[in-house]
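For reference, the structure discussed in these notes is given below.
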Amino acid sequence: MDKTIEEIQEKYDLELNRIVNEIKKNRAKLVLLQFPDGLKLYATAVVDFLKSKTKAEFLIWLGSCYGACDTPVGLERIKPKIDLIFQFGHNEMMPSY
């Protein structure tokens with residue numbers, strides 16, 4: 001079942017407008033998004049939202065994400081180069097209900 005951006009925003013503050021501003025400020029063309037398992041079901045809705053607000057292309061990291069220290073390895077081999085990485089987590093984004 002596809003999740004909508006409205007469903008995400010009811011539960012979490014993912015600071016998507018802040019991400020849009022950072023993408024624009026940095027003129028990022030390729031952005032990697034990393035989600036923990038509990039938020040992966042929202043990944044495509046997040047990408048759709050960000051694509052509608054920016055000119056960037058997005059990659060979704062489907063590997064593990066157990067915290068800020070769990071960054072993807074081997075990214076330097078990706079061509080074209082990734083301009084920004086945004087890592088989502090649960091600590092600061094506890095459900096708002």
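The values are calculated or read from the model by the stated rules, or taken from the named source; none is laboratory data. Small disclaimer: the values here were computed from a predicted structure and weren't measured. Cβ sites come from the backbone with ideal geometry, for glycine too, and all protein chains shown count toward neighbours.
Quick one: in region 30-60, of everything that is aromatic (Phe, Trp, Tyr) and modelled with pLDDT of 95 or more, which residue is farthest from the chain's Cα centre (by Cα)?
Here is the first cut: in region 30-60, the ones aromatic (Phe, Trp, Tyr) are 35, 42, 49, 58.
Filter once more, so that each one left must be modelled with pLDDT of 95 or more: 49, 58.
Numbers: PHE49: 10, PHE58: 8 Å.
Going through the qualifying residues, I end up with PHE49.
Give region 44-60 a look and list any residue that's among the β-branched types (Val, Ile, Thr) and not in a helix (DSSP H, G or I), or say none. Explain how you work it out, then say what you get.
Residues of region 44-60 among the β-branched types (Val, Ile, Thr): 44, 46-47, 54, 60.
If the condition is that a residue be among the β-branched types (Val, Ile, Thr) and not in a helix (DSSP H, G or I), then THR54, ILE60 are the ones that fit.
Here LEU14, LEU32 are screened, and the one residue that is over 20 Å from ILE78 (Cβ atoms) and touching a residue at least 24 places away in the same chain (Cβ under 8 Å) is LEU14.
Kindly check whether there is at least one residue in region 12-29 that is part of a helix (DSSP H, G or I), modelled with pLDDT under 90, at negative phi and exposed (fewer than 15 other Cβ atoms within 10 Å of the Cβ).
To start, the set of residues in region 12-29 that are part of a helix (DSSP H, G or I) comprises 16-26.
In the following step, the residues that additionally are modelled with pLDDT under 90 were identified as none.
No, the conditions are met nowhere in region 12-29.
Please find, among GLY67, GLY63, GLY89, the residue that is more than 20 Å from LYS11 (Cα to Cα), modelled with pLDDT under 90 and not in a helix (DSSP H, G or I).
The match here is GLY63.
Screening LYS24, LYS40 for residues that are within 27 Å of PRO80 (Cβ to Cβ), without any contact (Cβ under 8 Å) to a residue 24 or more places away in the chain and among the basic types (Lys, Arg) leaves exactly one candidate, LYS40.
Scanning region 32-59 for residues that are touching a helix residue (DSSP H, G or I) at 6+ places or on another chain (Cβ under 8 Å) and among the aliphatic types (A, V, I, L, M) returns LEU32, LEU33, ALA45, VAL46, LEU50, ALA56. Every test in (1) at pLDDT 85 or above; (2) surrounded by 11 or more Cβ atoms within 10 Å (Cβ to Cβ) is passed by THR4 save one, and that test is (1).
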